[in-house]
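Novice: Okay, here's the structure, questions in a sec.
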Amino acid sequence: MSDAYEPYMPLLNRIKSEGKCLDGGILKVDSFVNHQLDPLLMMDLAKEFVKRFADKHIDKVITIESSGIAPAILVGLLLKKPVVFAKKKKPSTMNDMYETEVFSFTKNRSYSVCCSKEFINKDENILFIDDFLANGNAAKGIIDLVNLGGAKICGMGFIVEKSFQKGGTILRNLGYQVESLVIIDALDDCKITFKA
Ligand code: G4P
């Protein structure tokens, strides 16, 4: 697949009709991604991700709780591969795990994410799926966890990327294939400006 950006139009139209801008460059899509979910749209998004990563060998899908789980599980279903989600709270039942720190720009604090060593295996090719790409800190945390397990990220898919934050540039410069179904260039003055 090429690196050229092509918006996924059904999603773009849905954002146009239901998305809302909040202060601080936040896009609210609570009616179909972050609170109420639209399973039919989500399945269409998953099919689009599978299409965009069709040339990759994928052993597993990884995401981070909680909003990444819905698209990730549908991608895993289509690929017939397992889906693992990194946890933001260390479960009391988990001893042997990989752990790293993630800085949340929106919350202005760091939190730790972890994944059991059982679920990241050496030499696996792992596809990362998440809802938003902003500063890329969650993605960097996932890269750390996957590297700690000796596995490899073979691509990264986001439902929405905000190009006015630096995550997309950082991840592409690191050499990752980043596929964002819709890219937003600005969220100023309560107006959503989509990348052309
Ligand atoms: P980053 O991972 O790209 O650096 O993002 P950042 O720290 O800025 O964002 C932290 C959280 O906010 C993430 O969710 C991310 O998905 C979400 N987020 C970032 N920008 C937007 C936005 O414009 N709209 C919405 N709705 N969410 C945004 P999280 O804290 O991990 O929460 P969740 O996955 O449990 O929902």
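The values are calculated or read from the model by the stated rules, or taken from the named source; none is laboratory data. Please read these numbers as outputs of a predicted model, since none were measured by experiment. For neighbour counting, all protein chains shown are included, and Cβ atoms are generated from backbone atoms with ideal geometry for every residue, glycine included. Surface areas here come from the heavy atoms of the whole protein model, side chains and all, with no ligands, DNA or RNA. Shrake-Rupley method; radii C 1.70, N 1.55, O 1.52, S 1.80 Å.
Novice: Which residues, counting only those in the range 146-177, are surrounded by 22 or more Cβ atoms within 10 Å (Cβ to Cβ) and within 14 Å of the ligand (Cβ to nearest atom)?
Specialist: The answer is MET156, GLY157, PHE158, ILE159, GLU161, LYS162, GLY167, GLY168, LEU171.
Novice: I would also like to ask the following. Answer with yes or no whether GLU48 is more than 15 Å from VAL182 (Cβ to Cβ) and either at pLDDT 95 or above or among the small types (Gly, Ala, Ser) (or both).
Specialist: The answer is no for GLU48.
Novice: For the subset of the range 19-49 comprising residues that are touching a helix residue (DSSP H, G or I) at 6+ places or on another chain (Cβ under 7 Å) and assigned to a loop (DSSP other than H, G, I, E, B), which member is farthest from the ligand (Cβ to nearest atom)?
Specialist: ASP38
Novice: Which of the residues belonging to the range 103-130 are closer than 22 Å to VAL160 by Cα, of a type in the set (S, T, N, Q) and open to solvent by less than 80 Å² (accessible area, probe 1.4 Å)?
Specialist: Once the filter is applied, which keeps residues that are closer than 22 Å to VAL160 by Cα, of a type in the set (S, T, N, Q) and open to solvent by less than 80 Å² (accessible area, probe 1.4 Å), the range 103-130 yields only SER104.
Novice: So in the range 1-18, with the set limited to residues that are under 18 Å from the mean Cα position of the chain (by Cα) and part of a loop (DSSP other than H, G, I, E, B), which one is surrounded by the fewest Cβ atoms within 10 Å (Cβ to Cβ)?
Specialist: So, considering only residues that are under 18 Å from the mean Cα position of the chain (by Cα) and part of a loop (DSSP other than H, G, I, E, B), the one surrounded by the fewest Cβ atoms within 10 Å (Cβ to Cβ) is ASP3.
Novice: Let me ask you something else. Take residues that are within 25 Å of LEU45 (Cα to Cα) and in contact with a Phe, Trp or Tyr (Cβ under 8 Å, 6 or more places away or on another chain) and tell me which of the strands (runs of 3 or more DSSP E) falling wholly in the range 97-155 contain 3 or more. Let's see the steps before the verdict.
Specialist: Values: elements: 97-104, 109-116, 125-133.
Qualifying strands (runs of 3 or more DSSP E): 125-133.
Novice: Search the range 79-102 for residues being away from the ligand (no atom under 13 Å from the Cβ) and basic (Lys, Arg), and hand back the single one that is most open to solvent (accessible area, probe 1.4 Å).
Specialist: If we take residues in the range 79-102 being away from the ligand (no atom under 13 Å from the Cβ) and basic (Lys, Arg), then LYS80 is most open to solvent (accessible area, probe 1.4 Å).
Novice: Out of all the residues in the range 57-78, is one or more surrounded by fewer than 19 Cβ atoms within 10 Å (Cβ to Cβ), within 16 Å of the ligand (Cβ to nearest atom), modelled with pLDDT of 95 or more and over 30 Å from ASP188 (Cα atoms)?
Specialist: Yes: the range 57-78 contains one or more residues that are surrounded by fewer than 19 Cβ atoms within 10 Å (Cβ to Cβ), within 16 Å of the ligand (Cβ to nearest atom), modelled with pLDDT of 95 or more and over 30 Å from ASP188 (Cα atoms).
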